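Student: Sharing a structure here in structure tokens format.
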Amino acid sequence: MRIVEIITDSKHEKALDGIAIHFEVSDVWLGSKREDGRRSFRMLVEDEKRQAVVDALQSLLAAEEHTRIIILPVDAVITRKPTADDADEKGSVSATREELYCEIEKGARLDATFVQLTVLSTIVASIGLVADNLAAIIGAMVIAPLLGPNLALAFAASLGDRALMGSALKTNFTGVALAFLLALLIGMIWPVSLDSQEILSRTSVGLDDVALALASGAAAVISLTTGLSSTLVGVMVAVALLPPTATVGLLLGSGQPGLAAGAALMLAVNVICVLLSAMLVLLTRGVRPRTWYERAQAKQSTAFYLSLWAGLLILLIVMILVRNPVVI
């Protein structure tokens with residue numbers, strides 16, 4: 001459950017009460033009227049009704065400039081003893097489109113924090129790769145922010161949101177380019193030893209890596225849509241976007257273009273798999289725009305990007321089979 005709070009002009013009181021009645025929201029309460037004529041109207045909304053309620057509120061209050069719709073978390077609702085049905089409902093918890101947007105949009109922001117985390121994680125990953133230190137590499141995976149813009153890109157493609165897509169592309173490109181150039185510089189200063197198993201393991205990609213990336217990308221979106229974003233830490237370790245990027249730069253800086261190509265292939269596989277699986281999960285969970293016009297645009301965007309990413313994945317799989325004929 002969530003508390004949906006609407007702060008708007010008091011003239012909408014009857015209409016808001018009508019929405020609550022229509023969606024069978026029994027727990028509602030009204031705040032006192034403020035000096036500016038606005039008042040707070042709160043509803044305790046069940047998870048499966050929340051998106052429909054928010055859509056109805058947006059349609060009603062779209063023209064109101066000073067209206068705010070706030071979705072607040074609920075830690076617990078103590079009314080009666082839990083039943084077997086309650087246990088079944090826990091698995092159906094999902095976030096609204098607006099909640100997802102607020103969460104995912106943060107990962108697409110190109111700000112000082114993103115740049116700083118990219119630089120630091122690249123340095124840590126490069127040291128771990130060269131020194132063959134797995135603990136350092138895992139630490140770099142956890143703090144690396146490269147997964148965020150990729151999830152934002154898949155989300156934007158599902159909604160046909162060009163503004164978010166542009167922001168995600170810019171942030172993604174900047175992060176990968178920055179990590180690559182920094183690793184390239186480190187590779188030129190600190191030559192890579194081919195005795196490092198952590199580096200060599202990222203120069204060869206198989207179909208098992210494809211399956212891992214697809215599953216991890218899907219898990220990332222499921223964790224967001226169910227409000228379990230803390231599990232993203234595990235997903236970040238599974239979908240390692242930064243170590244392959246650093247490996248490409250390190251190997252090129254050390255004059256190993258052949259091995260660098262293998263690491264670049266792994267990076268491409270991870271990125272495409274994350275985008276494709278994330279978008280498929282968003283579609284199956286019913287994440288779509290509110291209005292029919294936006295849905296028509298999103299339908300075209302979804303068809304185009306699904307075809308593009310699926311085609312690229314097929315091409316990458318062919319390249320994997322060519323490089324590793326024994327992989328089945």
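Student: Can you say whether Leu275 is at pLDDT 90 or above and closer than 20 Å to Leu146 by Cβ, as far as the supplied structure shows?
Tutor: yes
Student: Counting just the residues of segment 59-76 that are over 16 Å from Ser10 (Cα atoms) and of a type outside the set (A, V, I, L, M), which one comes out surrounded by the fewest Cβ atoms within 10 Å (Cβ to Cβ)?
Tutor: Asp75
Student: Scan segment 1-56 for residues that are assigned to a helix (DSSP H, G or I) and closer than 25 Å to Val287 by Cβ and report the count.
Tutor: Qualifying residue count, segment 1-56: 13.
Student: Another one. In segment 28-43, what count of residues is obtained for those that are out of contact with any Ser or Thr (no Cβ under 9 Å at 6 or more places or on another chain), surrounded by 14 or more Cβ atoms within 10 Å (Cβ to Cβ) and not hydrophobic (A, V, I, L, M, F, W, C)?
Tutor: Number satisfying all stated conditions: 1.
Student: Is segment 142-160 home to any residue that is on the phi < 0 side of the Ramachandran plot, assigned to a helix (DSSP H, G or I) and without any contact (Cβ under 8 Å) to a residue 12 or more places away in the chain?
Tutor: Among the residues of segment 142-160, not one is on the phi < 0 side of the Ramachandran plot, assigned to a helix (DSSP H, G or I) and without any contact (Cβ under 8 Å) to a residue 12 or more places away in the chain, which makes the answer no.
Student: Right, another one. When segment 122-137 is examined, which residues are found to be among the hydrophobic types (A, V, I, L, M, F, W, C), touching a helix residue (DSSP H, G or I) at 6+ places or on another chain (Cβ under 8 Å) and either surrounded by fewer than 21 Cβ atoms within 10 Å (Cβ to Cβ) or closer than 22 Å to Leu224 by Cβ (or both)?
Tutor: Ile123, Ile127, Leu134, Ala135, Ala136
Student: Also, quick follow-up: Among the listed residues Leu120, Leu134, identify the single one that is of a type outside the set (Phe, Trp, Tyr) and either modelled with pLDDT of 90 or more or under 21 Å from the mean Cα position of the chain (by Cα) (or both).
Tutor: Leu120 is the lone residue from the list that is of a type outside the set (Phe, Trp, Tyr) and either modelled with pLDDT of 90 or more or under 21 Å from the mean Cα position of the chain (by Cα) (or both).
Student: Can Ser196 be described as crowded, with 21+ Cβ neighbours inside 10 Å and closer than 29 Å to Asn324 by Cα?
Tutor: When the stated conditions are applied, Ser196 does not pass them.
To keep it simple, each residue is scored yes or no on (1) buried (at least 24 other Cβ atoms within 10 Å of the Cβ); (2) of a type in the set (Asp, Glu); (3) touching a Gly at 6+ places or on another chain (Cβ under 6 Å).
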| position | (1), (2), (3) |
| --- | --- |
| Gly139 | no, no, no |
| Leu153 | yes, no, no |
| Thr171 | yes, no, no |
| Ala183 | yes, no, yes |
| Ile189 | no, no, no |
| Thr226 | no, no, no |
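The values are calculated or read from the model by the stated rules, or taken from the named source; none is laboratory data. Computed from a predicted structure; not experimentally measured. Quick reminder, even Gly has a Cβ in these numbers, built from the backbone with ideal geometry, and neighbours come from all protein chains shown.
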